[in-house]
Each structure stands twice: as structure tokens, then as C-alpha cells.
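Engineer: One structure, as C-alpha cells, below. Some questions next.
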Amino acid sequence: MTKRHLITTALPYANGPLHIGHLAGVYIPADIYCRYLRAKGEEVLFIGGSDEHGVPITITARRENTTPQAVVDRYHEMIKKSFEELGITFDIYSRTTNAVHHETASDFFTKLYQTGKLIEKTSEQYYDEEAGEFLADRYITGTCPQCGNENAYGDQCEACGTSLNATDLINPKSVLSGNVPVLKATNHWYLPLDQYENWLKEWILEGHKEDWKINVYGQCKSWIEQGLQPRAVTRDLNWGVKVPLAEAEGKVLYVWFDAPIGYISATKEWCAQNGQHYEKWWKDEETRLLHFIGKDNIVFHCIIFPVMLKAEGTFILPENVPANEFLNLENRKISTSKNYAVWLHEYLEDFKDKQDVLRYTLTTIAPETKDADFTWTDFQAKNNNELLAIFGNFVNRTVVLIHKYYEGIIPEMGELTEDEKNIIAKIAEFPNHIGASIEKFRFREALAEFMNLARLGNKYLTDTEPWKVVKTDPERVKTILHLSIQICACLSVLGEPFLPFTSEKLQKILNINVHDWNQGGNIDLLKAGQKINPPEYLFEKIEDVAIEMQINKLKL
């Protein structure tokens with residue numbers, strides 16, 4: 001692998017809290033990947049931040065009778081805190097209202113404008129004469145021409161799902177005043193995507209056919225083959241990055257244009273704090289750029305943002321964009337508007353110290369190739385029947401027996417049976433197997449392999465029955481428990497990308513440091529004669545009443 005990795009995650013809108021769909025699709029996979037790279041000694045910069053511009057922010061502000069800035073301030077802090085509590089290890093979690101972002105986005109636009117990479121067009125858009133402003137699509141409602149829903153928006157009918165243009169609506173009305181809007185000419189700048197079709201065909205359809213995920217490649221192929229059209233990079237709005245042209249009064253950069261530039265501005269911000277220059281990360285071919293996103297962002301990160309970078313001319317392009325599909329909840333689509341979701345900040349309140357249970361469950365059902373479904377009963381089963389009954393049970397029995405028989409001192413390992421020699425050989429293979437799956441963005445597969453190691457340890461301890469053997473062959477028990485505690489140590493290291501809080505707790509019990517271990521998978525992290533700490537339960541049983549409470553929440 002390249003030594004330098006720039007990892008970005010889609011910027012969540014700062015107009016509401018995070019839910020489990022965001023976590024399963026983007027943030028947990030990205031964090032696993034970054035933790036794994038760091039454990040290998042790779043140089044990683046993990047970028048996150050809040051997307052704080054655009055119409056969704058202004059709509060929330062209007063609904064709450066407050067300002068857009070007040071909205072983003074509140075939700076940015078909530079989102080940032082939730083990420084930290086879940087153990088998402090961003091090197092920086094920035095925001096697009098920062099001055100460095102406004103400056104970076106303005107400079108980017110100016111470069112494209114001055115080098116003739118943008119085109120200028122006049123079009124007619126709806127205008128509210130009473131409010132005295134052009135209307136964004138979501139500020140226009142009317143009757144859907146497809147299904148007759150009278151409350152369709154100017155960009156989509158939520159009743160039938162049809163994508164619309166505002167001019168498609170029957171009997172359009174302004175959300176601001178309730179009046180019928182009028183069409184008025186307005187001038188905007190566009191990114192001519194059509195001029196980059198041939199380049200995209202070569203770069204994506206030929207260059208990334210083998211290494212990009214099928215869902216990502218397929219969506220890109222469909223878009224390119226349908227033919228691309230120029231896309232406006234500016235809009236009439238009073239909230240966002242001001243267009244840096246004298247003739248562009250009252251216009252801001254379209255949020256789809258300024259948001260991905262947030263990755264660059266966040267990098268600049270981090271570099272300024274850490275004595276580096278951002279060009280090392282964005283303009284050096286030795287850097288490997290990856291975007292972790294959901295499938296609704298594929299076009300923006302695989303087609304539009306790369307065209308922006310290509311047009312600017314000095315930036316590296318993404319090597320891979322491992323996008324995931326969507327996560328459903330109890331066999332229904334997650335709906336933020338209907339409050340049908342599992343909100344991260346509420347989960348962290350209801351299930352204190354169970355961050356890893358959520359990380360584990362969402363990774364086991366990650367929507368890597370198709371939409372997946374989260375259910376509370378499955379969440380409970382994952383905790384009780386897997387984490388607790390297999391992983392936790394094995395560790396607890398091993399630590400308890402070492403304290404019972406040897407006062408917490410790790411015994412010597414005596415002569416090994418052939419089966420034990422085979423077990424040690426198998427253990428040595430786990431780091432490579434897990435790593436290979438992570439590097440291919442197969443996080444479900446990687447976690448399953450990790451749990452296979454826990455199963456191996458659990459089965460070994462159950463089959464050898466040291467609590468019985470100690471009565472007839474106490475020397476044999478020393479070997480059994482020495483090997484068992486070494487497996488516990490391996491689990492504490494290999495589990496860190498997936499279950500960081502549990503790994504830290506287990507390492508404290510074992511009195512070890514993860515950095516002491518070599519990645520070859522050798523059974524040598526613990527030495528005979530070392531003392532381990534008293535046992536603590538890694539996981540607790542989740543009772544039915546806690547699950548019933550969560551299910552009842554969804555019925556409100």
C-alpha cells in the first residue's frame with residue numbers, strides 16, 4: 001500500500017442528528033479502514049466535517065423560526081460529539097461555515113472562472129415578488145403531474161418518488177408567501193460536464209472497471225452513457241459561500257459545488273494546526289485519495305467532483321470511492337422527516353458504554369452490495385449470542401481460571417499437542433485474512449473472520465476443559481491457559497478497528513500495549529510470569545425490556 005492515505009467521509013448536513021443509516025453506510029466502515037491503516041504504520045489523514053450550506057439548512061431555520069447559523073451551530077456540535085463518543089477517529093472534524101472554507105471555495109471557483117472552465121447561461125426561474133427573491137426548488141410546492149399529489153416539491157414528489165423540475169408542477173405556490181411565483185430571468189455559471197464525457201469514459205469506464213465496487217461502477221456507467229449536461233455551480237440564495245464576482249450580487253455557490261471542496265479546506269485547516277502544507281495531501285501523486293460515501297452521493301464524488309478537480313488542473317483524483325447502499329429499519333425505509341430512525345445521540349444515552357455493540361451490529365449487516373435491514377431483535381441477538389456468549393465468555397473464563405489457579409500470573413507453556421500446533425498456525429493466518437478483507441472494503445467479511453478467532457478460542461477452551469484436567473494433570477492446564485490467554489491478546493489487537501472500546505478494556509485486563517505486537521500474528525504478546533489484572537465482563541446481557549422500549553419508540 002501507499003504510505004500516505006487521505007480518507008474523506010461524506011459531510012453530513014448540519015440540520016439534524018445522525019442516525020444508524022449514516023453510520024452503517026459511511027462512518028463506521030471508514031473508521032475501521034483508518035484504524036487498520038494506522039495499526040500497520042501507514043500515514044493517514046482522516047477528514048470529516050459538517051455541510052452547513054444549502055436549502056435544507058434554510059428550511060430548518062425557517063421551520064424553527066431561527067437563523068441558519070444558529071441551526072448549524074447546534075447540530076454541528078451535536079454531530080461532532082456523537083462521532084467522538086462512538087469512537088470515530090477523525091483527525092479533524094471541520095465545518096463549511098469556517099472562514100478557511102469560504103476562502104478555499106471562492107478561490108476554487110475563481111480559478112475555474114478565470115481559466116474559462118465555466119460557462120455562463122441565462123435561464124428563467126421561479127421568483128416570489130412579495131418576498132423579493134428567487135425560489136429554491138424546495139421553496140416551491142404544487143401538484144405532481146405524475147400522481148396528483150398536491151404537496152409535491154419543486155425537485156421531487158415524495159408521494160410517488162418522481163424527480164421533478166419546479167416548472168413541472170401544476171399550480172405552483174411559494175412556500176415563503178403562499179403566492180403564485182412568476183418566471184424571471186437569472187444569470188448563472190455552469191460546469192460543462194458534457195465536455196468531460198470522453199475523459200470520464202477513459203478514467204472510470206476503462207480505468208476503474210476492475211477495482212471499483214460494482215454498484216459504484218454501474219451507476220457511473222449509467223450516468224455517463226445517458227449523456228451529461230452542464231450543471232449550475234451558482235444559485236440565487238442568501239445563505240452560502242458568496243460568488244466572488246461583482247456581477248453576482250445575491251448569489252452563492254451551489255452546495256453540491258462547495259461541499260466537496262470542504263475536504264480540501266478541512267485539510268488546510270488541519271495542516272495549519274500541524275505544521276504541514278495541504279499540497280502534500282492534495283497535489284502529490286504519492287497520496288492515495290479515497291471517499292467513503294453512501295450511494296446517493298456516488299454521482300457527486302465519482303463524476304462531478306473529479307471533473308471539478310480535473311478542470312482546476314492541479315489536484316489528485318480519487319483512487320477509489322467505496323460507496324455503500326442504504327440501511328432500512330425494521331423492514332421500512334428510514335425517514336428523518338417522520339422521525340422514523342435510530343438516532344445516534346439517543347442510542348448513546350440509552351445504551352451507555354455499548355458503543356461497540358452498535359459498531360459490531362452495523363458492521364455485520366453493512367449494506368456493502370445491497371440494501372440491508374436493522375432490527376432491534378437482531379441487535380439483541382448479536383450482543384447476547386455472539387459478543388457475550390462467544391467472545392466475552394471465552395475471555396472471562398480464561399482470565400478467571402488464571403486468577404483462580406495462578407493468582408493472575410501467566411503460566412509457562414509446556415509441550416504442545418499436534419492440535420495445538422495447528423491452532424497456533426491458524427492464529428498466525430488471521431491478521432493477513434482480516435487485513436486482506438479490509439483492504440478490499442469487505443468489512444463484514446473481515447469482522448466475521450475476527451469472530452472466527454474468538455470461536456476458535458472458545459471451542460479450544462471448551463474442548464480441553466482445564467477445570468476438569470486440573471484435578472488429574474495440573475501441568476497440562478498451564479499449557480491450555482497459556483495458549484488461551486495468548487488468543488485473548490490476539491483478539492485485543494485484531495479487534496481494535498472494529499471494537500475499539502472493548503479492545504482497550506481487554507488490553508487493560510491483560511496489561512499489554514497494542515503497539516508491542518508485531519503484525520505477523522505470532523503468539524508472543526504475553527510472557528510467562530506476567531501478571532494480568534482481575535477479570536471484568538466485556539459485555540453485558542441486553543434484556544427484552546430494553547429492546548421493547550426501542551421498538552415502542554418507533555411506533556410513536
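Engineer: Could you calculate the FRET efficiency of residue 160 with residue 85 from 1/(1 + (r/R0)^6), where r is the beta carbon distance between them and R0 is 41 Å, rounded to 0.05?
Structural biologist: After rounding to 0.05, the efficiency reads 0.60.
Engineer: If 50, 335 are ordered by their accessible area, calculated over protein heavy atoms with a 1.4 Å probe, which sequence runs from highest to lowest?
Structural biologist: So, going from the largest accessible area down, we get 335, 50.
Engineer: In terms of the Cα gyration tensor, with a ≥ b ≥ c the square roots of its eigenvalues, is the range 283-428 rounded because a/c is under 1.5, prolate because a/b exceeds b/c, or oblate?
Structural biologist: Cα axes put the range 283-428 in the oblate bin.
Engineer: A follow-up question, please. What number results when the radius of gyration of the range 210-365, computed over Cα atoms, is divided by 2.2 N^0.38 Å?
Structural biologist: In units of the globular-protein estimate, the range 210-365 measures up at 1.28.
Engineer: Contour minus end-to-end for residue 103 and residue 476, with contour as 0.36 nm per residue of separation and end-to-end as the Cα-Cα distance?
Structural biologist: Here the segment from residue 103 to residue 476 would lengthen by 127.4 nm.
Engineer: May I ask you to list the aspartates and glutamates whose Cα is less than 17 Å away from that of residue 471, ignoring any residue fewer than eight positions away on the same chain?
Structural biologist: Filter leaves 463.
Engineer: How much of residue 377 can a 1.4 Å solvent probe reach, expressed as accessible area in Å² and rounded to 10?
Structural biologist: Only protein atoms counted, so the area is about 80 Å².
Engineer: Could you give the spread of the C-alpha atoms of the range 1-134 along their three principal axes, from largest to smallest, in whole angstroms?
Structural biologist: 60, 42, 25
Engineer: Could you tell me the accessible area of residue 126 in Å² (1.4 Å probe, neighbours in place), rounded to the nearest ten?
Structural biologist: Solvent-accessible area, nearest 10 Å²: 30 Å².
Engineer: Whole number in Å², please: accessible area per residue of the chain, 1.4 Å probe, ligands, DNA and RNA not counted.
Structural biologist: That works out to 44 Å² for each residue.
Engineer: How much length is gained if the chain between residue 310 and residue 226 is pulled fully straight, taking 0.36 nm per residue apart and subtracting their Cα-Cα distance, in nm to one decimal?
Structural biologist: Going from the current span to full extension adds 28.1 nm.
Engineer: Which translational diffusion coefficient, to the nearest whole µm²/s, is obtained for the range 192-234 from the Stokes-Einstein equation, given a Kirkwood hydrodynamic radius over C-alpha pairs, 20 °C and 1.002 mPa s?
Structural biologist: In µm²/s, the coefficient is 197.
Engineer: Let me ask something else about it. I want to verify the translational diffusion coefficient of the chain in µm²/s; compute it with Stokes-Einstein, Rh as the Kirkwood radius over Cα pairs, at 10 °C and 1.306 mPa s.
Structural biologist: 61 µm²/s
Engineer: Students often forget the sequence filter, so: which lysines lie under 27 Å Cα-Cα from residue 3 once same-chain residues fewer than 8 apart are removed?
Structural biologist: The reachable lysines, counting only those whose Cα sits under 27 Å from residue 3, are 40, 209, 213, 268, 280, 283, 310, 440.
Engineer: So, in nm, how far is label residue 120 from label residue 513 when the simple model puts each one 7 Å beyond its Cα toward the Cβ?
Structural biologist: 6.2 nm
Engineer: Heavy atoms of the protein only, probe of 1.4 Å, neighbouring chains included. What is the accessible area of residue 340 in Å², nearest 10?
Structural biologist: 10 Å²
Engineer: Please sort by residue number the trypsin sites (Lys or Arg not before Pro) in the range 236-316 whose DSSP state is loop and whose Cβ has at most 15 other Cβ atoms within 10 Å.
Structural biologist: Sparse-neighbourhood loop trypsin sites (Lys or Arg not before Pro): 283.
Engineer: For residue 201, go through the aspartates and glutamates and keep the ones whose alpha-carbon is under 20 Å away, minus same-chain ones fewer than eight residues off.
Structural biologist: Candidates past the 8-residue exclusion: 210, 211, 225, 312, 319.
The values are calculated or read from the model by the stated rules, or taken from the named source; none is laboratory data. Since we're looking at a predicted model, the values are computed, not measured. Neighbour counts are summed over all protein chains in view; Cβ atoms, including those assigned to glycine, are modelled from backbone coordinates with ideal geometry. Ligands, DNA and RNA are excluded from the accessible area calculation, which covers all protein heavy atoms including side chains. Shrake-Rupley method; radii C 1.70, N 1.55, O 1.52, S 1.80 Å.
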